[in-house]
Amino acid sequence: MEATNVLSVVFVLDNSGSMIEMKDEPRQGLNMFYKTQQEAGDFLSTLIFFNSRVIFKHKNLNGKDVPLLSETDYIPEGMTALYDAIGEGIEYQKSQKLENVIFVILTDGEENASLKYNKKDIKEMIQTMEKDHEWIFMYLGANQDSFKVAGDIGVSISANYDYTPEGCQRVMRSISDNVSRCISNKFPSDTFKFDLPSEQVITDSNILLPPPTFTLTK
């Protein structure tokens with residue numbers, strides 16, 4: 001597998017104390033995510049957990065070799081060093097000179113613990129990587145206005161999800177399906193289309209609104 005050509009998937013997952021209400025869904029969702037990508041084709045995987053600190057679970061591991069997470073691998077605790085996780089993830093991938101990168105961020109809360117990077121730093125880094133290197137960034141959030149938060153840090157693809165185990169499961173399944181399309185080359189390399197779920201509900205009729213379609217053209 002040529003590291004310079006294969007798709008590199010960076011997954012940045014919130015591991016702060018508030019995520020404990022998700023129960024096992026984040027861990028199970030990640031395991032499902034990796035199984036789906038392994039079936040789709042070759043890729044490199046970098047997995048980053050963050051709470052009060054940033055933890056690289058693995059770095060650019062061959063997708064076929066990504067281990068499934070056990071219950072002891074994902075134990076939510078601490079605060080939310082979101083900016084540090086994003087910043088360290090970007091800096092590491094840059095050091096590896098990887099150009100074909102999808103960078104997924106999933107969190108249930110906003111930044112409150114970073115020491116190394118601030119909002120301005122992260123926005124500049126993301127915009128540079130999107131413009132000059134054509135990286136794709138996605139921000140998935142609960143308990144917040146994800147579209148505003150994503151915009152504030154320069155991410156153009158974002159979606160809200162319900163702060164429930166079921167909501168987490170739905171958004172993980174959706175992002176997994178979309179990334180696997182890229183890995184299996186079902187989408188042209190210059191245009192990626194992501195369908196992310198809407199968690200809004202029309203209360204009068206109790207009908208889910210159709211999921212929004214996000215299209216990113218490089």
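The values are calculated or read from the model by the stated rules, or taken from the named source; none is laboratory data. Nothing here was measured: the structure is a model prediction, and the numbers come from that model. Glycine gets a Cβ as well: all are built from the backbone with ideal geometry, and neighbour counts include every protein chain shown.
Points worth noting:
- Number of the exception - GLU21 against (1) of a type in the set (Asp, Glu); (2) outside any loop (DSSP other than H, G, I, E, B); (3) within 23 Å of TRP135 (Cα to Cα): (3)
- Hits in segment 94-111 (condition: out of contact with any helix residue (DSSP H, G or I) (no Cβ under 8 Å at 6 or more places or on another chain) and of a type outside the set (Ser, Thr, Tyr)): GLN96, LYS97, LEU98, ASN100
- Take the conditions (1) part of a loop (DSSP other than H, G, I, E, B); (2) at pLDDT below 95; (3) farther than 20 Å from ASP145 by Cα; GLU110 misses just one of them, which is (3).
- Identity of the residue in segment 127-157, under 19 Å from MET22 (Cβ atoms) and among the polar types (S, T, N, Q), that ends up surrounded by the most Cβ atoms within 10 Å (Cβ to Cβ): SER146
- Residue within segment 89-99 that is charged (D, E, K, R), assigned to a loop (DSSP other than H, G, I, E, B), at pLDDT 95 or above and within 16 Å of VAL12 (Cβ to Cβ) present: no
- Residues in segment 31-44 that are touching a helix residue (DSSP H, G or I) at 6+ places or on another chain (Cβ under 9 Å) and under 24 Å from GLU77 (Cα atoms): MET32, PHE33, TYR34.
- Of all residues in segment 134-177, those satisfying the criterion of being in contact with a Lys or Arg (Cβ under 8 Å, 6 or more places away or on another chain) and under 25 Å from GLU99 (Cβ atoms) are GLU134, ILE153, GLY154.
- Every residue from segment 18-40 that is farther than 18 Å from TYR161 by Cβ, touching a residue at least 40 places away in the same chain (Cβ under 8 Å) and either surrounded by fewer than 16 Cβ atoms within 10 Å (Cβ to Cβ) or under 13 Å from the mean Cα position of the chain (by Cα) (or both): GLU39
- Residues of segment 49-69 classified as in contact (Cβ under 8 Å) with a residue 24 or more places away in the chain and either in contact with a strand residue (DSSP E or B) (Cβ under 9 Å, 6 or more places away or on another chain) or surrounded by fewer than 14 Cβ atoms within 10 Å (Cβ to Cβ) (or both), total: 14
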